[in-house]
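We did not get these values from a lab; they are worked out from the coordinates using the rules stated. Source: prediction; values computed, not measured. Cβ coordinates were reconstructed from backbone atoms using ideal geometry, including for glycine residues, and neighbour counts include every protein chain displayed.
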There are 2 protein chains.
Amino acid sequence: MNIDRRSFVKTAASLGVGSVLPFASDMATTAKEVLRIGFLGTGLRGQDHLAAILKRKDCRVVAICDIDPVMLGRTREIIKEHGASLPTIYDQSEEAWKDMLTREDLDAVIISTPWEWHVPMAIGALSEDLYVGLEVGGAFSLDECWELVRAEESSRGKLFFLENVCYRRDVMAIMNMVRDGLFGELIHLQGGYQHDLRAVKFNDGQQPYGGGVEFGEKGFSEARWRTPHSVHRNGELYPTHGLGPVAMMANIHRGNRMTHLTAMASKARGLHDYIVKHPQGGESHPNADVRFALGDVVTTMIHCQNGETILLQHDTSLPRPYSLGFRVQGTGGLWMDVNHSLHLEGRSEPHRWEDAAGWLERYDHPLWKKYAD
Amino acid sequence: MNIDRRSFVKTAASLGVGSVLPFASDMATTAKEVLRIGFLGTGLRGQDHLAAILKRKDCRVVAICDIDPVMLGRTREIIKEHGASLPTIYDQSEEAWKDMLTREDLDAVIISTPWEWHVPMAIGALSEDLYVGLEVGGAFSLDECWELVRAEESSRGKLFFLENVCYRRDVMAIMNMVRDGLFGELIHLQGGYQHDLRAVKFNDGQQPYGGGVEFGEKGFSEARWRTPHSVHRNGELYPTHGLGPVAMMANIHRGNRMTHLTAMASKARGLHDYIVKHPQGGESHPNADVRFALGDVVTTMIHCQNGETILLQHDTSLPRPYSLGFRVQGTGGLWMDVNHSLHLEGRSEPHRWEDAAGWLERYDHPLWKKYAD
């Protein structure tokens, strides 16, 4: 790539929509010209980003790469709805993205492909001197992690992780409180990805969420590519929702670093249970024979150089309410988004903490009466 | 001990007050005669048990052992208030408890001494064929654990841990729900001891809670004996509040067992911070130089033979609301006493789950407005 693009980008448009906001605000400061963006992957997440970008006058989508005809059809519809001109489509093969990256008129790419493509595509784009907004999912080995680090360092900071939870309004408020010292010296932090994804991991092959127990070739959208990870891999498959915000609060790589970790997985029961109990599933459905490697609850403890501990929990295969389970705890108090309670040393803020027994008495449900009496 | 006492005890009175209820109900079934009880340790916890026992007509306190004159004074007052006759007092030396255990008129003992006495006293009592109600705190080495197991097995079940949380009303209700299958197959359990004990660990040497930053010889009650453990030991010092209930739910030693664990501690800051900021403390107070070994937050992951994971958290040196942090999670749903929410597969119980951002908007406190806007 030539120097012109780099200098152009430095003065190019600032993006500012949804989870691509921080990516773009890192990239440019003044809106003199139009930023030319390419999309690698236009599944449902990529389509969200695309719709956000198409609303902006300071951006132009010049190229799109995807090989799924259904998703490309939806993508064309979105472009049409926004009255934008059709970008060049790269859909000839799984390697078509490499051609796209060599375009001279490209300033940045947004990568929203299945996880296993993230590292090669990000490295490919960085080596072409492009700014990269990368959906999370990340690397599959320590080697891949180091490759990504080296590519990012060579690019002098052109890689940006699109971890949207870092920019949740309450998380940013807590970050401000951390920086302002309200929690004192930080001691322990928690986060996680605790989200019942069963109707994401399985569908009927037509709709993205639920309606069946199909996945892989017979599934649609995330059920097609995400669920096989639950079959073949056991571990913390999606750490960044929790780790992103707390790593920023703990100043990781800003005077602190993670030194070691250990993780433990429970047995895997939730996905099988879902298949055999689903109206479109059952004991005789072929997927009832699938053995899932991913433990239903995976817990990871991380130790930091400055003495903090971080706890992560990955819990996506069981019935549960959504919760990232944040906890930010220091010598001055703690915040948890699990129970929404705030407790600060020496302050009298109202908080919603209530002991369980008190709740039990107030909770007038027949089920509780049955089991408590 | 003679066979008469054993057969007597088997038909002796059933106790039923406070945390000694389960201990006693294990011990006897019908109230034919009076159960003769001895107390090892009559600090504040022992005094609570004593007052509970003195209320019963089917029990008699025949012996008491303690070497603290202040606590013995309080104990005598309690006995006087209840109009009971004064039991024999064993207070001559730290070894006086051994004499007490050889009494022929003793059926059972309740041990509420500092932690380090628990195992020798329990083994001593079991070897005298006495029923033992043992406060928690437990053993200090694997060897001690095995000694206790062997003594308990030789006694054919006369040892009972007085872990009161197992008998909290909501915990028992959840146990009933577990047994009834409402949570399906259990997958992951959590518990802990998350209790701001700083005003227990430090006091003014006169009152049991707070008023100063003294401990050890200059402290009173728990500050005298408990706080040195925070100076010298780093680990999960008090696992049973959390582990007791979830171990019962997970059928530990009833077809399941714990196979391995790993633990991680944060840095230790809370106790030092408390000392230097306390009005009776300060940077120049001698205790400001004490280095505490106990990490403020200690997290332990345990794996079970049947595939469940258990997470424990010990957090007693930081400002925080009280919470044992229970979570009982299976293929059918989960209970958490952290946020009091209940979520059951396929049911429509109301639950109090609210997303953090929604809470933030409703939470009209100036502090939040300051940091969120």
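Quick notes on this structure:
- Within segment B:162-172, considering residues that are in contact with a Leu (Cβ under 7 Å, 6 or more places away or on another chain) and crowded, with 21+ Cβ neighbours inside 10 Å, the one farthest from the other protein chains (Cβ to nearest Cβ): B:LEU162
- Residues in segment B:176-219 that are within 19 Å of the chain's Cα centre (by Cα) and surrounded by fewer than 24 Cβ atoms within 10 Å (Cβ to Cβ): B:GLN194, B:HIS195, B:ASP196, B:LEU197, B:ARG198, B:ALA199, B:VAL200, B:PRO208, B:TYR209.
- Test result for A:TYR238, touching a residue at least 12 places away in the same chain (Cβ under 8 Å), surrounded by 15 or more Cβ atoms within 10 Å (Cβ to Cβ) and more than 14 Å from every other protein chain (Cβ to nearest Cβ): yes
- Here B:GLU222 fits the description: surrounded by fewer than 21 Cβ atoms within 10 Å (Cβ to Cβ) and within 19 Å of the chain's Cα centre (by Cα).
- Pairs meeting the criteria (first residue in segment B:181-193 and over 25 Å from B:VAL297 (Cβ atoms) and at the interface with chain A (Cβ under 8 Å from one of its Cβ atoms), second residue among the hydrophobic types (A, V, I, L, M, F, W, C) and surrounded by 24 or more Cβ atoms within 10 Å (Cβ to Cβ), beta carbons under 8 Å, at least 6 apart or on different chains) are lacking.
- Extreme residue, nearest to the other protein chains (Cβ to nearest Cβ), among residues of segment A:264-284 that are surrounded by fewer than 18 Cβ atoms within 10 Å (Cβ to Cβ) and not in a loop (DSSP other than H, G, I, E, B): A:LYS277
- Any chance A:GLU185 is closer than 30 Å to A:ARG103 by Cβ and not polar (S, T, N, Q): no
- Checking each residue in segment A:303-331 for being within 8 Å of chain B (Cβ to nearest Cβ), charged (D, E, K, R) and over 18 Å from the mean Cα position of the chain (by Cα) picks out A:GLU308, A:ARG320.
- The single condition from (1) within 14 Å of chain A (Cβ to nearest Cβ); (2) crowded, with 23+ Cβ neighbours inside 10 Å that B:ALA247 fails is (1).
- Among residues of segment A:285-302 that are more than 9 Å from chain B (Cβ to nearest Cβ), those with a Cβ under 7 angstrom from a residue that is of a type in the set (Ser, Thr, Tyr) and part of a loop (DSSP other than H, G, I, E, B), sequence gap 6+ or separate chain, pair up as A:LEU294/A:SER317.
- Members of segment B:157-183 that are assigned to a helix (DSSP H, G or I) and charged (D, E, K, R): B:ARG169, B:ASP170, B:ARG179
- Selection count where residues are within 15 Å of B:HIS272 (Cβ to Cβ) and part of a loop (DSSP other than H, G, I, E, B), scope segment B:197-223: 4
- Scanning segment A:136-152 for residues that are closer than 20 Å to A:VAL165 by Cβ and either among the small types (Gly, Ala, Ser) or crowded, with 24+ Cβ neighbours inside 10 Å (or both) gives A:GLY137, A:GLY138, A:ALA139.
- Matching entry among A:VAL109, A:VAL119 (being over 29 Å from A:VAL297 (Cα atoms) and either away from every other protein chain (no Cβ under 14 Å) or touching a residue at least 60 places away in the same chain (Cβ under 8 Å) (or both)): A:VAL109
- When residues in segment A:40-86 are screened for being part of a helix (DSSP H, G or I) and farther than 20 Å from A:ALA223 by Cβ, 12 of them pass.
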